[in-house]
Amino acid sequence: MSAAPPLNDPAPLAAIAARITRPVVLVGLMGVGKSTVGRKLASLLQRDFVDADEAIVEAAQRSIPEIFETFGEAYFRDGERRVIARLMDESHGVIATGGGAFVDPATRALVLERGIAVWIDCDIDTLVERTARRGNRPLLKNGDPRDILTRLAQERAPFYGQAHIRVVSETGPHADTARAIIEAIDQWL
């Protein structure tokens, strides 16, 4: 059996990209790198990229912490569900979702039916380090981030586990995770 062609060569990437006929939807906990990896993945596949959280902020004309504080998490999740459905209808190449989006049954069903769901997983130590870099994580405001992330990982793993593909994000370059996703999609297709 011969080795797979290297993914730095545009020919194999173009061949894999041509076989992807649905949006690639990245799911997983906050801090796993969905947005950063998603941008790199979209670039490698020569597809567009959209961050669902950024689309929510644009639609609401408020930051996510403001939405949580003013209206609560249930209101945010409802808006998130509608925005992701719209993005799926628009058939974006790569969509990064918020950490809780795939927990919602309607969102999860839509993504599983019409997209390629990719769970980016990561160890808790790395998540704590990454999420500490940004102060806009409403779910981490009231308590120890390590405890909260550990609890969320346990609660959400059964939902994330329904994704078509699971890739572990290491502490190395996000391009490595993007290439691992492409390889996993290639095998899944």
(request) Would you look at the GNM of the chain, springs on alpha carbons closer than 10 Å, and say which of Q154, Q46, Q162 moves the most? (result) Q154
(request) Using a Förster distance of 30 angstrom, determine the FRET efficiency expected from the C-beta separation of S91 and R151, and round it to 0.05. (result) 0.30
(request) Work out, step by step, the length gained on full extension between R82 and V57: first 0.36 nm times the residue separation, then minus their alpha carbon distance; give nm to one decimal. (result) 7.7 nm
(request) Determine the share of the chain's accessible area contributed by carbon and sulfur atoms, expressed in whole percent, with a 1.4 angstrom probe. (result) 50
(message) Using the Kirkwood radius over C-alpha pairs as Rh, can you work out the diffusion coefficient of the chain via Stokes-Einstein at 10 °C, viscosity 1.306 mPa s, in µm² per second?
(response) 94
(request) Within the range 18-54, report the trypsin sites (Lys or Arg not before Pro) that DSSP leaves as loop and that have at most 10 other Cβ atoms within 10 Å. (result) none
(message) Compute the orientation-averaged projected area for the range 137-189 from the convex hull of its Cα atoms and round it to one decimal in nm².
(response) 4.8
(request) Using a 1.4 angstrom probe, figure out how much accessible area the chain has per residue, in square angstrom, rounded to the nearest whole. (result) 50
(request) Taking amide H positions as placed in the peptide plane 1.01 Å from N, state which residues far from V27 in sequence (5 or more) or on other chains have amide H under 5 Å from it. (result) V118, W119, I120
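The values are calculated or read from the model by the stated rules, or taken from the named source; none is laboratory data. From a predicted model like this one, the values you see are computed outputs, not experimental measurements. Note that each Cβ is placed from the backbone with ideal geometry, even for glycine, and that neighbours are counted across all protein chains shown. Heads up: the accessible areas ignore ligands, DNA and RNA and are worked out on the full protein's heavy atoms, side chains in. Shrake-Rupley method; radii C 1.70, N 1.55, O 1.52, S 1.80 Å.
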